[in-house]
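First up is the structure itself, then whatever we jot down about it.
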Amino acid sequence: MKILVLNCGSSSVKFQLMDMISGREEDVDVLASGIIERIGLKDSKISYEPKGQNKVKKIQDIADHTQGIDLILQMLLDPQIGVLKSKHEIAAVGHRVVHGGETFSGSVKITQDVIDKMIECVDLAPLHNPANLKGIYAMQKLLPDVPQCGTFDTAFHQTMPDYAYMYAIPYALYDKYKIRRYGFHGASHYYVSKKAAQLMGKKYEEVKIITCHLGNGASIAAVKNGKSVDTSMGLTPVEGLMMGTRAGDLDIGALFYIMDKEKLDREAANNLVNKLSGVLGVSELSSDMRDVEEAAWLKGDYKSDLALKMYFYRVKKYIGSYAAAMGGVDAIVFTGGVGERGPETREFICSDMEFMGVKFNKAANDGVKAKLVEISMPDSKVKVYAIPTNEELVIAQDAYKLING
Amino acid sequence: MNILVLNCGSSSIKYQFLDMCNNAELKAKGIIERIGLKDGIVKHKRFDDVKHQLITDVPNHEVGINIILAILTNPEYGVIKTIDEIKAVGHRVAHGGENFTKSVLINQAVKDDIEKCIDLAPLHNPANLKGILAMEKLIPNVPQVAVFDTSFHQTMPPEAYIYALPYEYYDKYKLRRYGFHGTSHKYVAQRASQFIGKKYEDLKIITAHLGNGASMCAIKNGESVDTSMGLTPIEGLVMGTRSGDAGLGVVLYMMEKENLSLKAMSDIVNKKSGLLGISGLTSDMRDLRKARDEGNEKAKLAIDIFVYRIRKYIGSYTYVLGGADMIVFTGGIGENEELIRKMVCENLEFAGIELDLALNNSAKGEPTIISSPNSKTKVVVMPTNEELVIACDTNKIVSKNNCF
């Protein structure tokens, strides 16, 4: 059974076509994957990689998501570079949807009712949800008979208890606008936490796991007995860890101070804390950890070094905080671009954690990039893993389950 | 040596009069409220419980301080014959910025530096300065000392105090985390170390100052390495009416939805949030607890959120310190609310924290060890006394004598 996974951003569409066979991870075959960027702009960039063949790149104007998705289908069906004979081979489409509000606590088959509810959540994710909807509409048009499913970034965190998701602001604002913490990266936290439980040979429902999804966007989750009980992103993704360009946790008073001193309106303030802060803001160099590491460690740049120390320090504080939230921790997992490809990052974060039962395995960690690896010592009470995430797989598996009943 | 301790707020002055030669005995204390408004309220209490109250217009801090001096020298309810018996004045100063890492004798340069920090504490520092200037005028030859709320935290490392904002804001405005309640964190950490018979400088300590304002501090070998309040006192724990940590996205979203100005938004997170905001009832923990016990859901939620935030900071600071030897509770709630202490420490055995429930239940406003004997991390209730710290620092600086 072939499932097409789509991740539609405001000006991009990422896709993977997966052959699910049994639905189990080990049987999944990725037939093709790719991305279209700069949708709606001149010279859109198209990248397409069919299994076992060379990557195809081209540049061509793509006016909107429908045209982009149409092109994806054409490529999948192309006699030379395609992997499908007929579009009827696509049994389902799985969409990544950013914000499911309080309505969605799991993946769903998309119906008109679901679409209506997704529209209600647009206010909470004004950049992402409309793009996700565009992808759904385009698919309805292009493949009207194929079932579509939605997997929400927020759904996994809907199990948080009220004392974790409520802000200490007037309660009326929750009633009125549903202002609360939602969290994101749900599919990733779910995937790697479940994987970690398997690796430990324990039941998912019986372990306490802290998952660190460290990419350009970054969040941490506390997963207790298979359920997310807390996560660092909130109503919006700006909360929590320090990220490539996002400030993460910051004194609200400091925000007011800057808005006042620099005469920033809300939009400018939003831009500041989302796009100009984080690793980029402190290092004054780059939002890319590799650049900053090079400047800090090879060139001795003070601000880059500080940015890294802050980044590590905050992850460490969250790990401690979630250990307390769960009353202990059995495993710590690193994933996301930085988590998977940053052995130094993992080592710095895990330093001085012996008192909590973490025995870090430096030899196993050194130089390991984008590979699943246990980086704690065999006798470490708390296990530490680097696990490449696979959000597309979660989306495809959920779609598989939904249409197979 | 007699020392007058002053804590000048924007519309109030609190004072204490202590005899440092006599084991820092508290001779008198009082408060003036509603300064600048009609019908100011003056309340004074002497060590022997003789009280004096009056209602009178107090147009400014200078008039207020004059009233305090008159009260202290009053033959009936005062404690000294003439103002010459005041040997030094200790002032609480809210914000010392990066300029002050400890208490100092006040001179012109110090006053200038306090003034430079006004931008960082626009409500408090001007009031503190008013008190200093009034004192200089009224008793010009008496030495004055400034004790800062922020100075204890100046030992934090940059990764703890720099915000993940463009670095230029630090250069330009000294925008960073400062922390507050420094005198309290230091005092209770020192006293609690003595109390358990250990050396303060050898310990890793987490202090929780839980009052109407609330903050926590991680102390390693006698130095603050992190604290929960930041540039302003809004950050960190849930407080009586302050939100503590809340996402920037939340604030910007609310401002947009409710069309709020900065001032209005600031008002919400400072004065209408926290325990009051969630419960919709009260900012007072005692009342809230009563409501919770009577089944009020939102009162329960407010307490749950309050406790959960403290637990998270304990975990966080435990990792920052590489394990904590002691946790100290202080402030009105920390000293008196056994339920909060119990909820905070529940299920933290993995971090070596184990309460003795009976000891915890009996601890109220008195120094008490409330952890069980085999708890790896000691848990201690220690009443704070910021005025005493101010008096001691003042005494030390003026007389070069150590106090405790």
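Looking at (1) assigned to a loop (DSSP other than H, G, I, E, B); (2) surrounded by 21 or more Cβ atoms within 10 Å (Cβ to Cβ), can you tell me which one A:ASP230 breaks? Exception for A:ASP230: condition (1). Within segment A:265-297, track down each residue that is aliphatic (A, V, I, L, M) and either more than 13 Å from chain B (Cβ to nearest Cβ) or within 16 Å of B:LEU165 (Cα to Cα) (or both). Across segment A:265-297, the qualifying residues are A:ALA268, A:ALA269, A:LEU272, A:VAL273, A:LEU276, A:VAL279, A:LEU280, A:VAL282, A:LEU285, A:MET289, A:VAL292, A:ALA295.
For segment B:248-259, the criterion of being buried (at least 20 other Cβ atoms within 10 Å of the Cβ) and either in contact with a His (Cβ under 7 Å, 6 or more places away or on another chain) or under 21 Å from B:GLY211 (Cα atoms) (or both) is satisfied by no residue at all.
Residues that are under 23 Å from B:LYS220 (Cβ atoms) and among the charged types (D, E, K, R) within segment B:141-192 comprise B:ASP149, B:GLU159, B:ARG176, B:ARG177, B:LYS186, B:ARG191, listed in sequence order. Within segment B:172-187, being surrounded by fewer than 21 Cβ atoms within 10 Å (Cβ to Cβ) and more than 9 Å from chain A (Cβ to nearest Cβ) holds for one residue alone: B:LYS174.
Among the residues making up segment B:140-171, those that are away from chain A (no Cβ under 14 Å), of a type outside the set (Asp, Glu) and in contact (Cβ under 8 Å) with a residue 12 or more places away in the chain are B:VAL142, B:PRO143, B:GLN144, B:VAL145, B:ALA146, B:VAL147, B:PHE148, B:SER151, B:PHE152, B:GLN154, B:THR155.
From the residues in segment A:203-227 that are out of contact with any helix residue (DSSP H, G or I) (no Cβ under 6 Å at 6 or more places or on another chain) and within 24 Å of A:ALA370 (Cα to Cα), which one is surrounded by the fewest Cβ atoms within 10 Å (Cβ to Cβ)?
Of segment A:203-227, the ones out of contact with any helix residue (DSSP H, G or I) (no Cβ under 6 Å at 6 or more places or on another chain) are A:203, A:205-206, A:216-219.
Restricting the remaining residues to those that are within 24 Å of A:ALA370 (Cα to Cα) gives A:216-219.
Values: A:ASN216: 16, A:GLY217: 20, A:ALA218: 29, A:SER219: 29.
Within segment A:203-227, the match that is surrounded by the fewest Cβ atoms within 10 Å (Cβ to Cβ) is A:ASN216.
Among the residues of segment B:284-304, those identified as within 11 Å of chain A (Cβ to nearest Cβ) and surrounded by fewer than 23 Cβ atoms within 10 Å (Cβ to Cβ) are B:GLU297, B:LYS298, B:LYS300, B:LEU301, B:ASP304.
Being buried (at least 18 other Cβ atoms within 10 Å of the Cβ) and more than 7 Å from every other protein chain (Cβ to nearest Cβ) holds for only one residue in B:SER266, B:SER279, and it is B:SER279. Just one of the listed residues (B:GLY222, B:GLY247) is without any contact (Cβ under 8 Å) to a residue 60 or more places away in the chain and within 8 Å of chain A (Cβ to nearest Cβ), and it is B:GLY247.
May I ask you to verify whether A:LEU285 is modelled with pLDDT of 95 or more, more than 28 Å from B:SER266 (Cα to Cα) and not polar (S, T, N, Q)?
Working: modelled with pLDDT of 95 or more: yes; more than 28 Å from B:SER266 (Cα to Cα): yes; not polar (S, T, N, Q): yes.
It is true that A:LEU285 is modelled with pLDDT of 95 or more, more than 28 Å from B:SER266 (Cα to Cα) and not polar (S, T, N, Q).
Condition first: in contact (Cβ under 8 Å) with a residue 60 or more places away in the chain and either hydroxyl-bearing (Ser, Thr, Tyr) or touching a strand residue (DSSP E or B) at 6+ places or on another chain (Cβ under 9 Å) (or both). Now tell me which residues in segment A:35-67 satisfy that. Result: A:HIS65, A:THR66. Among the residues making up segment A:111-134, a single one is surrounded by fewer than 21 Cβ atoms within 10 Å (Cβ to Cβ), touching a residue at least 24 places away in the same chain (Cβ under 8 Å) and closer than 25 Å to A:LYS227 by Cβ: A:VAL114.
A search for C-beta distances below 8 Å between a residue of segment A:242-257 that is more than 7 Å from chain B (Cβ to nearest Cβ) and under 12 Å from B:GLU235 (Cα atoms) and any residue that is part of a helix (DSSP H, G or I) and among the small types (Gly, Ala, Ser), counting only pairs 6+ apart in sequence or on different chains, returns nothing.
Please determine, by comparing only the residues of segment B:44-60 that are crowded, with 16+ Cβ neighbours inside 10 Å and among the basic types (Lys, Arg), which one is nearest to B:SER10 (Cα to Cα). Give the derivation first.
If we filter segment B:44-60 for residues that are crowded, with 16+ Cβ neighbours inside 10 Å, which is where we start, we get B:44-46, B:52, B:58.
Next, only the ones that are among the basic types (Lys, Arg) stay: B:45-46.
Details: B:LYS45: 22, B:ARG46: 25 Å.
Only one residue tops the list, namely B:LYS45.
Against the test of being in contact with a strand residue (DSSP E or B) (Cβ under 6 Å, 6 or more places away or on another chain) and surrounded by 22 or more Cβ atoms within 10 Å (Cβ to Cβ), the options B:ILE31, B:ILE13 yield a single qualifying residue, B:ILE13.
Within segment A:309-328, residues that are facing chain B (nearest Cβ under 7 Å) have Cβ atoms under 7 Å from residues that are basic (Lys, Arg) in these pairs: A:SER321/B:LYS312; A:ALA324/B:ARG311; A:ALA324/B:LYS312; A:ALA325/B:ARG311; A:ALA325/B:LYS312; A:GLY328/A:LYS208, counting only partners at least 6 apart in sequence or on another chain. The residue that is nearest to A:GLY226 (Cα to Cα), counting only those in segment A:148-180 that are hydrophobic (A, V, I, L, M, F, W, C), away from chain B (no Cβ under 11 Å) and assigned to a helix (DSSP H, G or I), is A:PHE156.
In the condition set (1) assigned to a loop (DSSP other than H, G, I, E, B); (2) crowded, with 16+ Cβ neighbours inside 10 Å; (3) touching a residue at least 40 places away in the same chain (Cβ under 8 Å), B:LEU4 is compliant with all but (1).
The residue that is surrounded by the fewest Cβ atoms within 10 Å (Cβ to Cβ), among those in segment B:305-326 that are within 9 Å of chain A (Cβ to nearest Cβ) and either at positive phi or of a type in the set (Val, Ile, Thr) (or both), is B:GLY322. Considering only residues that are small (Gly, Ala, Ser) and in contact with a Leu (Cβ under 6 Å, 6 or more places away or on another chain), which ones fall in segment B:3-29? Within segment B:3-29, B:SER10, B:ALA24 meet the criteria.
Of all residues in segment A:62-82, at least one satisfies being within 22 Å of the chain's Cα centre (by Cα), under 30 Å from B:LEU252 (Cα atoms) and surrounded by 14 or more Cβ atoms within 10 Å (Cβ to Cβ).
So which of A:GLY183, A:GLY248 ends up being at positive phi, assigned to a loop (DSSP other than H, G, I, E, B) and not assigned by TED's automatic domain parsing to the domain that holds A:VAL292? Write out each step before concluding.
Numbers: A:GLY248 fails: not assigned by TED's automatic domain parsing to the domain that holds A:VAL292.
Of the residues listed, the single one that is at positive phi, assigned to a loop (DSSP other than H, G, I, E, B) and not assigned by TED's automatic domain parsing to the domain that holds A:VAL292 is A:GLY183.
The values are calculated or read from the model by the stated rules, or taken from the named source; none is laboratory data. Since the model is a prediction, treat every value here as computed from it, not as a measurement. So basically every Cβ, Gly included, is an ideal-geometry build from the backbone, and we count neighbours across all protein chains shown.
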